[in-house]
Amino acid sequence: MLSVADIAALWLTCKVAGIATLLLLLLGTPLAWWLARTTSRWKGICNALVALPLVLPPTVLGFYLLVLMGPNGPIGRVTTELGVGTMPFTFAGLVVASVLYSLPFVVQPLQAAFAAVGEQPLEAAATLRASPLDTFFSVVVPLARPGFLSAAILSFAHTVGEFGLVLMVGGNIPGKTRVVSMQIYNHVEALEYDQAHWLAGGLLMFSFSVLLFMYSVLKTYPVAHPLK
Amino acid sequence: MMSPITARFALDYGKFQLEVDLQLPGTGITVLFGHSGSGKTTLLRCIAGLQQAAQGFLQINGQVWQDSERKVFLPTYKRSLGYVFQEANLFPHLTVAENLQFGLKRIAQKSAGVELSQILELLGIGHLLTRMPEHLSGGERQRVAIARALALKPEVLLMDEPLASLDFKRKQEILPFLSRLHQELSIPVLYVTHSQQEVAQLADHLIILAEGKILAEGPLSETLSRLDLPLAQDRQASTVWQAIIVGQDADYHLTHVAFDGGRLSLPTIDAPIGTSLRVQIFARDVSITLAEPTATSILNILPAAITGLTDDQAGHSVIRLQVGKQSLLAHITRKSALLLGLQIGMAVYVQIKGTSIVN
């Protein structure tokens, strides 16, 4: 069964994924809103940047983060200056890396959901005295609800599944950065296949359930589109 | 004195340019009429503030909503207007009642309860309040959308082809409600349409747009009978008279109506004496005689004076006549016009073969 170290790894994974998802929803929502509506020439570049983590090996992302957040990197200098030290091999560093790693999994579903809402409900709301911010919360958010649900589930599940990035940025520090994927690796290294099976099987079940939910339950949600 | 609504706009989209300068009346229905691409919807969106690129000046009842020279632009949500879109555009996640409350919750005054129930009754939607928009028919949705706009007691009601997306039956279902609005509302309504039928039925004031410019504007019957406009040449050309029912003739199944300048006999209209109505007379149903005809099957024969004539170079003449104080159009062949020697100022008789009651 699961050891204390396994349970600590599971708890840490949930914490990282939970916090990263929360931050992603906060940061990703305005970004996705902007991307869904802008006609700026920067849109293409921003879309490409957001999608990068989908195709980039996590080690590449991790390597650059390590350099940027390290003692000699620009971010590292700022964090040192602020007296919080450097972020690699810390819980905070892991969260920051996870946010970047899972960014497309939040921005893309939200962007699609916002685009599906369209211009018409926004104009109707404006003619009914709702300010743009009011309209966002009273019209856009409810209409884009399936998009928010997809974004939250996908970013949580994807963060739980990260490995290469953790290896580069987080290291393998028990209780601090040793997440489930790391713990499985440790078990296999130590030839503890039984232990590895429990965790790996659990992760497999979790991921499958999440995807099953996405494709079967969310599919039947009323898709957000203005009534013709 | 300043007109209740002053609207000047200039908008340049390269291929399409809008350039208008309008003074509009503060009551009644002003119809913006034109073909698609004439700029009528764009003009309405400018007035609503939805077309932010437009430069210009807009003042409604003394309040400046836009003055580009002084960099004044009141955002749409701060303008006291009601807007009915071509497609009802109800919020799909809210019930009918919540849709109606959406705007009401956001305006300061709380005394709208009584008015709302009147509006519900006027539009016949009281029984739909708990429904979701997806479970309404197209006509019901559009009525809810009209109620939602009216509930705010706006200073101006803007309607963008509210019937265009409905089939004939649904149109007939809504038109009576619009006519009632017309009688019971004191706010000005700007109504965009490309349907001559809706013009005849609803307009008090008519503005004709073509390629982003105002082709003509004026009171309905005056504008309909202007010979210099394509409308008078159209096969569907007509004039609209305001009339009052003055008698019923049960034996012959006829209703007698009086207008400013005479009387007409119409097929029975089931309404009490004193009811006011609009009678539409198509130009193709009007013929002209020099002497008063005695042996004819046509009931409605009226003395008239010719006030204008033109021909389309294709064998048809359009004659403009004055009957009492009303204008009338007649479409006849050019040959007939020449044989009769029709000229401006001549006294003639018109025979009206058919009429239709538009409300």
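The values are calculated or read from the model by the stated rules, or taken from the named source; none is laboratory data. These figures come from a predicted structure and were not determined experimentally. In this analysis, Cβ positions are derived from the backbone assuming ideal geometry, glycine residues included, and neighbour counts consider all displayed protein chains.
One table, with the values for the structure above:
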quantity	calculated
Filter result for B:ARG45 (facing chain A (nearest Cβ under 10 Å) and under 21 Å from B:LEU215 (Cα atoms))	yes
Test: residue in the stretch A:63-83 that is over 22 Å from A:GLY175 (Cα atoms) and in contact (Cβ under 8 Å) with a residue 40 or more places away in the chain	yes
Residue in the stretch B:54-83 that is surrounded by the fewest Cβ atoms within 10 Å (Cβ to Cβ), counting only those that are part of a helix (DSSP H, G or I) and within 14 Å of chain A (Cβ to nearest Cβ)	B:LYS78
For B:GLU217: the one exception among (1) surrounded by fewer than 16 Cβ atoms within 10 Å (Cβ to Cβ); (2) farther than 27 Å from B:ILE301 by Cα	(1)
Those residues of the stretch B:21-66 which are small (Gly, Ala, Ser) and within 22 Å of the chain's Cα centre (by Cα), in sequence order	B:GLY26, B:GLY28, B:GLY34, B:SER36, B:GLY37, B:SER38, B:GLY39, B:ALA48
Every pair of residues 6+ apart whose Cβ atoms lie under 7 Å, when the first sits in the stretch A:117-146 and is closer than 12 Å to B:GLY103 by Cβ and facing chain B (nearest Cβ under 7 Å) while the second is of a type in the set (Ser, Thr, Tyr) and outside any helix (DSSP H, G or I)	A:THR127/B:TYR83
Subset of the stretch B:132-148 that is among the small types (Gly, Ala, Ser) and surrounded by 23 or more Cβ atoms within 10 Å (Cβ to Cβ) - its residue that is modelled with the lowest pLDDT	B:ALA147
Out of A:ILE184, A:ILE153, sole residue that is away from chain B (no Cβ under 14 Å), buried (at least 16 other Cβ atoms within 10 Å of the Cβ), at pLDDT below 95 and closer than 30 Å to B:LEU90 by Cβ	A:ILE153
Condition check for B:THR95: surrounded by fewer than 20 Cβ atoms within 10 Å (Cβ to Cβ) and in contact (Cβ under 8 Å) with a residue 12 or more places away in the chain	yes
One residue from A:ILE19, A:ILE45 being of a type in the set (A, V, I, L, M) and under 13 Å from the mean Cα position of the chain (by Cα)	A:ILE19
Verdict on A:CYS14 being in a helix (DSSP H, G or I) and either closer than 24 Å to A:PRO174 by Cβ or of a type in the set (S, T, N, Q) (or both)	yes
Leading residue by the ranking (nearest to B:ASP12 (Cα to Cα)) among those in the stretch B:54-72 that are polar (S, T, N, Q) and touching a strand residue (DSSP E or B) at 6+ places or on another chain (Cβ under 9 Å)	B:GLN55
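Results for (1) in contact with a Gly (Cβ under 7 Å, 6 or more places away or on another chain); (2) part of a loop (DSSP other than H, G, I, E, B); (3) on the phi < 0 side of the Ramachandran plot, shown as yes or no for each residue.
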site	(1), (2), (3)
B:ASP251	no, yes, yes
B:ALA258	no, no, yes
B:VAL279	no, no, yes
B:SER287	no, no, yes
B:SER297	no, yes, yes
B:GLN313	no, yes, no
B:SER336	no, no, yes
